[in-house]
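**Student:** Below is the structure I would like to discuss, written out as structure tokens.
The values are calculated or read from the model by the stated rules, or taken from the named source; none is laboratory data. Owing to the predicted nature of the structure, the values given are computational and were not obtained by experimental measurement. When we count neighbours, we look across all protein chains shown, and the Cβ atoms used for this are built from the backbone with ideal geometry, even at glycine.
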């Protein structure tokens with residue numbers, strides 16, 4: 001096909017050469033050019049559908065990751081409003097408290113303990129924090145990493 005579009009006429013195939021190439025595509029079967037073109041279009045269409053399906057699945061996975069990250073960083077109502085494209089009005093609070101905590105000696109405790117003991121310690125601590133937070137009008141920011 002590309003050769004047929006050549007700017008130089010001497011590089012373009014003759015109609016007999018094009019016909020012979022189509023015979024090769026059809027492997028000797030008797031078909032017309034329209035049938036061959038339709039078959040090729042069906043193959044392209046099928047391939048495009050597969051690519052679209054794959055890309056849609058990849059997009060959905062990335063969307064889920066983004067949604068999870070957004071809900072970890074912001075209150076759920078704010079995250080939903082942002083996802084919907086709704087403007088989020090800032091809220092004013094008379095008083096706020098930011099609480100940062102550190103487990104003094106955590107590195108030493110971790111080094112002297114079995115891994116399951118460290119997990120149990122952290123689980124107990126976070127369970128206690130969550131119970132206290134649940135009884136107050138509090139928004140908990142999920143910790144991202146431990147400081148060293």
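**Student:** So is residue 64 touching a residue at least 40 places away in the same chain (Cβ under 8 Å) and assigned to a helix (DSSP H, G or I) or not?
**Tutor:** So residue 64 does not fit the description; no.
**Student:** Residue check: is residue 112 surrounded by 10 or more Cβ atoms within 10 Å (Cβ to Cβ) and either within 30 Å of residue 25 (Cβ to Cβ) or within 32 Å of the chain's Cα centre (by Cα) (or both)?
**Tutor:** no
**Student:** Please list, ordered by first then second residue, the pairs with beta carbon atoms under 7 Å, 6 or more apart or interchain, first in segment 99-113 and on the phi < 0 side of the Ramachandran plot and free of Cβ contacts under 8 Å to residues at least 12 places away in the same chain, second assigned to a helix (DSSP H, G or I) and surrounded by 11 or more Cβ atoms within 10 Å (Cβ to Cβ).
**Tutor:** Cβ pairs passing all conditions: 110/118.
**Student:** In the list 9, 87, 75, which residue meets the criterion of being at pLDDT below 85 and closer than 30 Å to residue 141 by Cα?
**Tutor:** None of the others qualify; the one that does is 75.
Here is a yes/no grid of residues against (1) under 30 Å from residue 78 (Cα atoms); (2) part of a helix (DSSP H, G or I):
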| position | (1), (2) |
| --- | --- |
| 89 | yes, no |
| 94 | yes, no |
| 98 | yes, no |
| 101 | yes, no |
| 108 | no, yes |
| 111 | no, yes |
| 116 | no, yes |
| 125 | yes, yes |
| 128 | yes, yes |
